[in-house]
Amino acid sequence: MEIVPLSDAVGVEIKGVDLREPLDSNTLEQIEDAFNEHAIILLRDQDISLGQQKEFAQHFGELGSRNRPGKKPNELDEYGEHVMLVTNVREKGKPIGSLPDGEMTFHADTAYFEFPSKATMLYAMELTSWGGNTLFSNCYTAAEELPEDLKRRLDGKKAMQVYEYGTTLKMKEKYDRDNFPHYAHPVFRKHPESGRSALFVSELMTEEIVGLPKEESDEILEALFEHQKKPEFVYEHPWKVGDLVLWDNRCTIHARTDFPRDERRMLRRLTIQDTKPVVEGAVPYKQAAAE
Ligand SMILES: [Fe+2]
């Protein structure tokens, strides 16, 4: 096994691992360490079934559910409650999966829940002839490189995370908070494994810095969103069929570039649920879910 950086910004490629084969505990430990240290891991040329993908994902924790808290289970596709097909493939004009078309702005998956996903795994099955790249931005270095006065202004503050399902580019001033999930999380989120602080805001999902006047909050968020796009924090992944990427939603955000609508694109997504609360000492996930 070999571990090679994907960029100066974030992420590593893990070479020499075939996910069709059972992995020994030493290999798994090295993969887990690489994930915790580098936030994004890529394994290329994988030819795996959904079962094999799930088995690998489960080494990182319990699979996330697509059923929404407090709501009846949705009508999900044949793949069940854990799997999201990210695809523009349509049957009778209706997309068979989610987030079918076009560019998508930076976000962290399910940041709007009290217990956001720890990680997301995408496996590339069909790709377009151009575009559809995923950009990853390192939220640790983005936090560290903020001007000192801004760090002080944001210290201890929370940011409201909201999302209307299906939105890929935020065109409206505000989301409908009465009908969509939202939750305020610390602007600087401490990662439970690394102990480092990450800038936990994103253009698609963060609407306000709680407790600041609207104008000031808007101005700061706009500056933060621009800051997160700086090339020194970003790795752009051009997908190849067989790529499997696992990213840490606690310390990275991701975005998608545009691609042709008339060509097929299909990636199979699983999420890993975080069992540790966002804020140290807060109620843990399982306990909260049982209440
Ligand atoms: Fe996403």
Next on the checklist: For the range 124-144: of the residues being more than 18 Å from LYS230 (Cα to Cα) and more than 14 Å from the ligand (Cβ to nearest atom), which is most open to solvent (accessible area, probe 1.4 Å)?
Outcome noted: TRP130
Checklist outcome for this item: Turns out the strands (runs of 3 or more DSSP E) fully within the range 88-162 with at least 2 residues that are among the charged types (D, E, K, R) are 117-126
Checklist entry - Listed residues LEU42, LEU99; which is under 23 Å from TYR163 (Cβ atoms), under 21 Å from the mean Cα position of the chain (by Cα) and aliphatic (A, V, I, L, M)? => result LEU99
Checklist entry - Looking at ALA184, is it more than 16 Å from the chain's Cα centre (by Cα), touching a residue at least 12 places away in the same chain (Cβ under 8 Å) and in a strand (DSSP E or B)? => result yes
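Answer yes or no: is there a residue in the range 147-160 that is within 16 Å of the ligand (Cβ to nearest atom) and either acidic (Asp, Glu) or modelled with pLDDT of 95 or more (or both).
Within the range 147-160, none of the residues are within 16 Å of the ligand (Cβ to nearest atom) and either acidic (Asp, Glu) or modelled with pLDDT of 95 or more (or both).
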Next on the checklist: Among the residues in the range 90-112, are any touching a residue at least 24 places away in the same chain (Cβ under 8 Å), β-branched (Val, Ile, Thr) and away from the ligand (no atom under 13 Å from the Cβ)?
Outcome noted: no
Next on the checklist: Take GLY166 and tell me if it is out of contact with any Leu (no Cβ under 9 Å at 6 or more places or on another chain) and either among the aromatic types (Phe, Trp, Tyr) or open to solvent by 20 Å² or more (accessible area, probe 1.4 Å) (or both).
Outcome noted: no
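This table checks each residue for (1) open to solvent by less than 10 Å² (accessible area, probe 1.4 Å); (2) farther than 28 Å from ASP262 by Cβ.
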residue: ILE3; (1), (2): no, yes
residue: ALA9; (1), (2): no, yes
residue: GLU13; (1), (2): no, yes
residue: LEU23; (1), (2): no, yes
residue: HIS38; (1), (2): no, yes
residue: ILE41; (1), (2): yes, yes
residue: PHE60; (1), (2): no, yes
residue: ARG66; (1), (2): no, no
residue: ASP101; (1), (2): no, no
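The values are calculated or read from the model by the stated rules, or taken from the named source; none is laboratory data. Keep in mind that this is a model prediction, so the values were computed, not measured. FYI the Cβ positions are ideal-geometry reconstructions off the backbone, even for glycines, and counts take in every protein chain you see. SASA here: full protein model, heavy atoms, side chains in, ligands and nucleic acids out. Shrake-Rupley method; radii C 1.70, N 1.55, O 1.52, S 1.80 Å.
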